[in-house]
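The values are calculated or read from the model by the stated rules, or taken from the named source; none is laboratory data. All values derive from a computational prediction rather than experimental measurement. Using ideal geometry, Cβ is built from the backbone for each residue, glycine included, and neighbour counts are taken over all protein chains shown.
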Amino acid sequence: MKHPTLFITHRSEYHQKRALAGAPSELEITLMRDPSRAEILEQLPQIEFLISERSGEIDAALIAAGRSLKLIQRLGSQTWDIDLSAARRANIPVCYFPIANCAMVAEHMLMQMLMTVKRARELMHVTVQAGAWGEPRQCTEDYFAYNWTQRTGIRGLRQSTVGILGFGEIGGELARRLRAFDCTLLYNKRTRLPAKAETELGITFAERGELIKQSDFICSLLPVSPQTEQSLDTNFFAAMKPGAIFVHAGAGGVIDETALIAALRSNQLAGAALDTFTFEPMRPNDPLLELGRDPMQNLVLTPGVAASTLTTTGHPRAGDYANILAQLAGKTLTYRLV
């Protein structure tokens, strides 16, 4: 007998297929993208396992409708839209499951920010070049040659204002890491998060125009859609604070790369870093590549590896179902909230 499982997601067909491909044979899965509340309520009475990917309200009424529920599994770390008290009263376990690739992207964005604010490519370039920097002497307790290549414009991330455009699972992972730098964190997304989520993550909602104007760094995690395609354009970069830094690990195709190049060449931006692009793989004659060959331009380009290149045994989405298999086997659940 297979166990009826409802899998609710906001994600595209590509991600849906990957999720289903990693499912164990013990489950009979109904996968629904952006279902209405009525559609969910219709399914729930016969469902044993409810999987909710990244977000989506699971309130007391939905929990009550799940008369056969044995587990609610949230894929991701955003759990503030689940009524944990109702689940506790119904004696239904609730677990979350951190998404490793999202954490990897957040780490990559930290690297992008630090490389650009510290002008790492320029520093590497001038360090390895032969130069008349003075007579070398062995360093001692009392002698060292600070900034012996006479660099300027080296800044830091600490206490900066960071604006995050497109705030989902990756945005949450990035916010958690940036708090260690004592940053002011602004975010913008179509639907504002609840107050308890903002408090937990130490973030403040800002209208898009204010975020662009106030931020020392703008971190773009925007998805590509007809509304966002090529939307980060000349007007966007002109509205940024002069000398700000732009980093992007969202979807390819949202940036007007010609406008970005112009903003870098004019020094409107102090630096930029991109992991995705309008054309992928990049064209051999892509203007971004030409600019990127100059280490003094403070442009960091990486080939779509923000989510890492790790390989795992088994299917990469098999972890989505680990707690369900543990529940069926009577084993301990991981990342349990209730």
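A few comments on the model shown:
- From THR276, THR204, THR199, residue being among the polar types (S, T, N, Q) and assigned to a strand (DSSP E or B): THR204
- If you check ALA60, ALA86, ALA120 for being closer than 30 Å to GLY243 by Cβ, touching a helix residue (DSSP H, G or I) at 6+ places or on another chain (Cβ under 9 Å) and of a type in the set (A, V, I, L, M), only one passes: ALA120.
- Of all residues in the range 51-93, those being within 26 Å of the chain's Cα centre (by Cα) and not in a loop (DSSP other than H, G, I, E, B) number 11.
- The range 77-89 residues that are farther than 28 Å from ALA175 by Cα, paired with ones that are acidic (Asp, Glu) (beta carbon under 9 Å, 6 or more apart): ALA86/ASP59
- For the range 139-175, the tally of residues that are in a helix (DSSP H, G or I) and either touching a Leu at 6+ places or on another chain (Cβ under 7 Å) or of a type in the set (A, V, I, L, M) (or both) stands at 5.
- Residue within the range 154-173 that is in contact with a Pro (Cβ under 6 Å, 6 or more places away or on another chain), surrounded by 13 or more Cβ atoms within 10 Å (Cβ to Cβ), of a type in the set (Asp, Glu) and within 30 Å of LEU222 (Cα to Cα) present: no
- Taken over the range 1-50, the residue count meeting the criterion of being aromatic (Phe, Trp, Tyr) and assigned to a helix (DSSP H, G or I) is 1.
- Evaluating VAL105 against the criteria (1) within 26 Å of GLN159 (Cα to Cα); (2) assigned to a strand (DSSP E or B) leaves one unmet condition, (2).
- Any hit, the range 304-326, residues being of a type in the set (Lys, Arg) and at pLDDT below 95: yes
- Restricting the range 68-103 to residues that are among the aliphatic types (A, V, I, L, M) and surrounded by fewer than 19 Cβ atoms within 10 Å (Cβ to Cβ), the residue that is modelled with the lowest pLDDT: ALA100
- Count of the range 184-199 residues which are surrounded by 14 or more Cβ atoms within 10 Å (Cβ to Cβ) and either under 17 Å from the mean Cα position of the chain (by Cα) or aliphatic (A, V, I, L, M) (or both): 8
- Test: residue in the range 293-310 that is within 30 Å of LYS70 (Cα to Cα), of a type in the set (D, E, K, R) and either assigned to a loop (DSSP other than H, G, I, E, B) or touching a residue at least 12 places away in the same chain (Cβ under 8 Å) (or both): no
So that you can scan it fast, the table gives a plain yes or no per residue for (1) more than 30 Å from GLN129 (Cβ to Cβ); (2) buried (at least 17 other Cβ atoms within 10 Å of the Cβ); (3) acidic (Asp, Glu):
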position: LEU221; (1), (2), (3): yes, yes, no
position: ASP233; (1), (2), (3): yes, no, yes
position: MET240; (1), (2), (3): yes, yes, no
position: SER266; (1), (2), (3): no, no, no
